[in-house]
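To start, the structure itself, in structure tokens.
Bear in mind that the values in this text are calculations on the coordinates, not laboratory data. Nothing here was measured: the structure is a model prediction, and the numbers come from that model. All Cβ positions, even for glycine, are placed from backbone atoms using ideal geometry, and neighbour counts span all protein chains on display.
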Amino acid sequence: MKKSKLLLVITLGLVLAMLTFTTNTFSWFNRPTTDKGDALELSLSSMPISTGKVSMETHLLEDNGEPTAENVANFSNNSGIANGKRVSYRTTLTNNSDTDQSVSLYISKLSDISGGNFYLGVNDPLKTYKQYKITKAQTYKSELKDFESNGLKNIYIGFQKDDNYTPTNWKIHYWNPSNGKDGDDDIKNYVGDISDGDGYGHAYNIYAVTVDSTITHLQLYNGSIQNSNKYLGEQNVDTTNLVRIYKNLDGTGGVYCDEISTRVPNKYAAKITQYYKNATVVKGESISIGAQGNSLSYSSEHNNIASISNSGLIKGESEGETDIKIISTGAMGEELSVTCHVTVVENVYEAFDGTDVPIITNVKVPAPGANSSGQVTIDWFIKNDGGSTMSYKIESVYLTL
């Protein structure tokens with residue numbers, strides 16, 4: 001190759017490279033969204049809108065391809081698009097300047113895709129078809145998780161005062177034949193007294209033993225009592241939570257136990273049968289803490305993060321984490337408590353992969369004149385190619401010059 005031709009090729013290459021980086025209409029790179037140039041966003045409050053150079057309107061397309069009269073105000077679809085169906089739009093760009101403009105159209109913050117497969121397509125002036133999925137962390141919703149269906153309850157043990165028992169010498173064995181849960185515990189939590197606890201004028205010291213809420217049977221044990229009295233008979237605590245211990249009234253000195261359902265019935269015992277260990281709530285929204293039991297009350301460690309109502313509604317106040325205590329108070333004043341850990345998040349959704357989604361880029365909108373209306377229409381659509389109904393959220397659609 002002659003030297004003059006080689007120099008010409010090098011010069012043309014340099015010119016081409018400069019055009020690629022500096023010219024709006026000649027570039028192999030994606031246009032910026034708002035970093036440079038004028039930005040035009042289609043919001044819910046002002047349509048059509050204009051930058052002074054290009055104005056934009058978007059209309060929903062009917063099945064026959066004709067646009068509706070109303071400008072589109074909301075591009076999200078919470079009701080869902082059925083499998084194989086689409087929603088089509090027509091965006092009209094009008095050049096209000098005396099020079100040609102190069103523009104790009106974007107979806108802002110595509111998120112919350114659920115149920116199907118989100119496809120974004122363009123029919124005119126180009127044909128494109130691309131699938132999008134949320135690839136970042138799961139979007140935040142008001143939700144409860146780690147549900148605990150087996151809570152806690154107290155069983156009352158009543159020691160007849162005039163028999164001079166030492167409660168700390170006793171143990172309790174408890175179980176549930178249907179689910180296999182069992183355990184042993186000391187009798188140590190004094191909660192109060194009952195006068196005439198058996199209808200015969202006897203008073204009782206009352207102790208509370210905390211067990212799983214599903215426990216139905218118990219047996220009392222005292223290592224210092226001999227022979228058949230070492231283990232007191234099996235008792236059904238599924239219908240009552242008070243068991244009394246007494247000596248035989250006929251003077252033989254035998255030790256017995258039975259149930260008392262008339263003095264402290266089951267419904268008055270401290271009990272939490274279910275609750276949620278963890279909850280996530282959006283700031284400004286409220287969800288139930290999901291607790292059930294007797295005489296429930298609630299308290300929040302940090303009310304400025306999450307507050308709790310008397311009825312058990314958690315409200316997200318500010319972003320952060322805190323604990324909410326669920327308390328059940330029994331007839332003898334004893335308490336049971338469990339904790340729900342609450343996380344409050346700021347936003348309902350996160351942006352699609354931290355970026356915006358392009359509908360179409362670098363479209364030339366010619367200046368109006370004798371041979372041009374100064375308008376370009378873009379027909380685009382959202383389609384569900386998944387196996388079930390798809391919902392999604394879009395913050396806005398906007399234009400850059």
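Computed extension length for HIS173-ASN78: 28.8 nm, one decimal, from 0.36 nm per residue of separation with the Cα-Cα distance subtracted.
Set the Förster distance to 35 Å, then compute FRET efficiency between SER396 and THR343 from the Cβ-Cβ distance, nearest 0.05.
Working: r = 28 Å, r/R0 = 0.80.
The pair SER396/THR343 has a calculated efficiency of 0.80.
Here the label points at ASN71 and ASP323, each 7 Å from Cα along the C-beta direction, are separated by 5.3 nm in the simple model.
Extending 7 Å from the Cα toward the beta-carbon at both LYS277 and ASP163 defines two label points whose distance is 4.0 nm. When you count the other C-beta atoms within 10 angstrom of each residue and take the mean per peptide, 276-287, 190-201 line up highest first as 276-287, 190-201.
Would you mind getting the Kirkwood hydrodynamic radius of the stretch 268-401 from its Cα pairs, rounded to one decimal in Å? Walk me through the numbers on the way to the answer.
Values: mean 1/r = 0.0513 Å⁻¹.
About 19.5 Å, per the Kirkwood formula over Cα pairs.
In this label model, THR210 and ASP98 are separated by 8.3 nm, measuring between points 7 Å along each Cα→Cβ vector.
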